[in-house]
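**Q** So that we are looking at the same thing, I have put the structure below in structure tokens.
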Amino acid sequence: MKHLVITCFLVFLGACSAPSFVSDAQPVPFTSTTPDHFELPARFALARVVYGRTRAAGVEEAKLWADLANRTESLGSFAPLVVADSSYGYSSMKNLVETARAQGYNYLLSVRMFPGAGSADVSLLHVGSGGVMATAQAVSASGGQHGFWGGQIRNPARLERATLKIAQATAPIVEEMLRGAARRQK
């Protein structure tokens, strides 16, 4: 089931932009400082992190992210960041940036979801320097959900419902963040 969800998410996001391959991408230059402006159009990687690990979105949430990528396609291409959880364990920001750099992305859009609080922290990072270019926070109007005895939600279907509510609150904020990046270019 997990592989089916991952495949659906990749298909939805892959349909949003022209096909591009890592070998086609120009190498990402390493810099010591984060630039003041964005270089658009660019290649954006989307890292969705839940409970400290990158996780594939459910079908409904994948549609939401694909729709967002369609609305902001003038900024560049969007694709999910492919991370092997077994090799990294918990997804630290440093590991995500290094993975995005190795895969030839220009920017990393990190969405860290907290189902217990019903919120998400969004960060837009420059992959070359690893520096933060913009941040935002989104809170679901329905609040958070906890698992049995107040812990993490273990049931995948229940976790998908909780993260979908968070994603619905997060998508407009991410879109505004990206549009703000485009306005800073002018």
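**Q** Being in contact with a strand residue (DSSP E or B) (Cβ under 9 Å, 6 or more places away or on another chain), small (Gly, Ala, Ser) and at pLDDT below 60 is the requirement here; does residue 25 meet it?
**A** Details: in contact with a strand residue (DSSP E or B) (Cβ under 9 Å, 6 or more places away or on another chain): yes; small (Gly, Ala, Ser): yes; at pLDDT below 60: yes.
Yes: the conditions hold for residue 25.
**Q** Can you say whether residue 161 is part of a helix (DSSP H, G or I), more than 18 Å from residue 62 (Cα to Cα), more than 17 Å from the chain's Cα centre (by Cα) and among the charged types (D, E, K, R), as far as the supplied structure shows? Give the steps one after another, and end with the answer.
**A** On the way: part of a helix (DSSP H, G or I): yes; more than 18 Å from residue 62 (Cα to Cα): no; more than 17 Å from the chain's Cα centre (by Cα): yes; among the charged types (D, E, K, R): yes.
Spelling it out, it is not the case that residue 161 is part of a helix (DSSP H, G or I), more than 18 Å from residue 62 (Cα to Cα), more than 17 Å from the chain's Cα centre (by Cα) and among the charged types (D, E, K, R).
**Q** Mind checking whether some residue in the range 84-102 is part of a strand (DSSP E or B) and crowded, with 19+ Cβ neighbours inside 10 Å?
**A** Kept after step one, since they are part of a strand (DSSP E or B), are these residues of the range 84-102: none.
Looking through the range 84-102, none of the residues is part of a strand (DSSP E or B) and crowded, with 19+ Cβ neighbours inside 10 Å.
**Q** From the set of residues in the range 56-75 that are modelled with pLDDT of 85 or more and of a type outside the set (A, V, I, L, M, F, W, C), which is nearest to the chain's Cα centre (by Cα)?
**A** 61
**Q** Check whether at least one residue in the range 13-22 is more than 22 Å from residue 152 (Cα to Cα), assigned to a helix (DSSP H, G or I) and modelled with pLDDT of 70 or more, and report yes or no.
**A** To start, the set of residues in the range 13-22 that are more than 22 Å from residue 152 (Cα to Cα) comprises 13-22.
Keeping just the survivors that are assigned to a helix (DSSP H, G or I) gives 13-14, 22.
Now restrict to residues that are modelled with pLDDT of 70 or more: none.
No, the conditions are met nowhere in the range 13-22.
**Q** Related question: Could you please let me know if residue 120 is of a type outside the set (D, E, K, R) and in a strand (DSSP E or B)? Give the steps one after another, and end with the answer.
**A** Working: of a type outside the set (D, E, K, R): yes; in a strand (DSSP E or B): yes.
So residue 120 fits the description; yes.
Per-residue answers, yes or no, for (1) modelled with pLDDT under 90; (2) in contact with a strand residue (DSSP E or B) (Cβ under 6 Å, 6 or more places away or on another chain):
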{"residue": "122", "(1), (2)": "no, yes"}
{"residue": "140", "(1), (2)": "yes, no"}
{"residue": "144", "(1), (2)": "yes, no"}
{"residue": "153", "(1), (2)": "yes, no"}
{"residue": "158", "(1), (2)": "yes, no"}
{"residue": "165", "(1), (2)": "no, no"}
{"residue": "177", "(1), (2)": "yes, yes"}
{"residue": "181", "(1), (2)": "yes, no"}
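**Q** Keeping to the range 77-87, report how many residues are under 15 Å from residue 38 (Cα atoms) and at pLDDT below 85.
**A** So the count comes out to 0.
The values are calculated or read from the model by the stated rules, or taken from the named source; none is laboratory data. All values derive from a computational prediction rather than experimental measurement. Neighbour counts run over all protein chains shown; Cβ positions are idealised from the backbone, glycine included.
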